[in-house]
1. Could you tell me how many degrees, from 0 to 90 and to the nearest 10, lie between the Cα long axis of helix 228-237 and the main elongation axis, the longest principal axis, of the Cα atoms of the chain?
2. What is the calculated FRET efficiency for residue 188 to residue 161, with r their C-beta to C-beta distance and R₀ = 51 Å, to the nearest 0.05?
3. Among 311, 278, 256, whose Cα sits farthest toward the positive end of the charge dipole of the chain (+1 at Cβ of Lys/Arg, -1 at Cβ of Asp/Glu, about the Cα centre)?
4. What ranking, highest mean first, results for peptides 157-163, 147-153, 237-243 when packing means the other Cβ atoms within 10 Å averaged over each residue?
5. What angle, in degrees between 0 and 90 and rounded to the nearest 10, separates the Cα long axis of helix 169-188 from the longest principal axis of the Cα atoms of the chain?
6. So what is the relative contact order for the chain, in percent, with contacts set as C-alpha pairs under 8 Å and at least six apart?
7. Using 32 Å as the Cα-Cα cut-off, could you pick out the over-long pairs in 90/296; 97/237; 113/334; 296/334; 113/296; 237/332?
8. Starting from the Cα-Cα distance between residue 41 and residue 232, subtract it from 0.36 nm times their residue separation and give me the gain in nm to one decimal.
Amino acid sequence: MTDVRPAVSVDSTAEVNVLDTLFRSDQGGHEQVVLCQDRASGLQAVIALHSTALGPALGGTRFHAYPGVPRPAEAALRDALNLSRGMSYKNALAGLKHGGGKAVIIGDPDLVKTEELLLAYGRFVDSLGGRYVTACDVGTYVQDMDVIARECRWVTGRSPEQGGAGDSSVLTAYGVFQGMLAAARHRWGSPELAGRKVAVAGVGKVGHLLVDHLIEAGAEVVITDVRPESVARVRAKHPQVTVAADTEALITTEGLDVYAPCALGGALNDHTVPLLTASVVCGAANNQLGHPGVEKDLAERGILYAPDYVVNSGGVIQVADELHGFDFARAKSKATGIHDTTLEILERADREGVPPAVAADRVAEQRMAAGR
């Protein structure tokens, strides 16, 4: 194994708490977790490698502050563990020769992101010797990957000028749209969204592109976002879009057919599921299920859930293709297959009498076991 520099010395109560959280939280059997700290740049990060059974772990770098959380490091660790496990399943279901990994840089990217910090982070990724390949996620962008790549070659999602594929949000949104068409076919017998009312929560990097597909397909779209500028961008392009005051107002919209969570995780929980008026959930956000058992609550309410890590895999398909010399047409063709994969999982769930998330887990676990 490549020699990895120790990221932190365990010499404080806070650091002991983080390690304790790791051992208590890691129910997914992660192969490796690296705590990264560079005092000169202020970098504090977690890199979690869940599995390399199918190949090098591939997953994005999230840059997030965790406002209002007493122990941001613990929250970041939990996030990294959950997200990296999800990436293992996502990559397996996407048919990629990659395992799952994820990184979280702690802090408000608008305030603390610097070139020095990104370069320091790149050195930590590089120290893993290719076991982890990083890319964009919430709070990180193509230009950030270009900076990280100056210290590390295990980076995707770079700019076309640097030999990369550019913004992976393009195929993420396209893949979610394909998954939504499959869910529509399974629920209503036709892969059409014309005349359907679709609610999109979060119209940032992926959500606003999903709205483009929905409008083109003839859907009636309702949106919300905590950032007024994101709402304004969508409204400037699509003035026919309706704006809800907040997520609760969005999910209780009368006559809603589809709910697309496209912001942070945990959107489906004990509070939101009873309020949902939609009969289909299909969105881009990672880790949409707030806790185990939510998928059963959805099924009991007759709500069809298209598992997030199935439908939002277009972005990882795009960045994985970049490792082999990016070809957009080739990557888009593979992302189109998300439609058939989603439909296969929904049909399997019906045959086996289980929620779609359980059916998707079974398929992914079979593929990872075969990879080992």
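1. Between the helix axis and the principal axis of the chain, the angle is about 50 degrees.
2. Plugging the Cβ-Cβ distance into 1/(1 + (r/R0)^6) gives 0.70.
3. 311
4. Working: 157-163: 16.7, 147-153: 18.4, 237-243: 13.0.
Packing order, densest peptide first, comes out as 147-153, 157-163, 237-243.
5. Between helix and principal axis, roughly 40 degrees.
6. On the way: 808 pairs, mean separation 57.1, N = 372.
Computed over the chain, the figure is 15 percent.
7. Among 90/296; 97/237; 113/334; 296/334; 113/296; 237/332, the Cα-Cα distance tops 32 Å for 97/237; 113/334; 113/296.
8. 65.3 nm
Laboratory data are not the source of any read-out in this text; all were calculated from the coordinates shown. A quick note: this is a predicted structure, and the numbers were derived from the prediction, not measured. Counting neighbours? That spans all protein chains shown, and the Cβs are built from the backbone with ideal geometry, glycine included.
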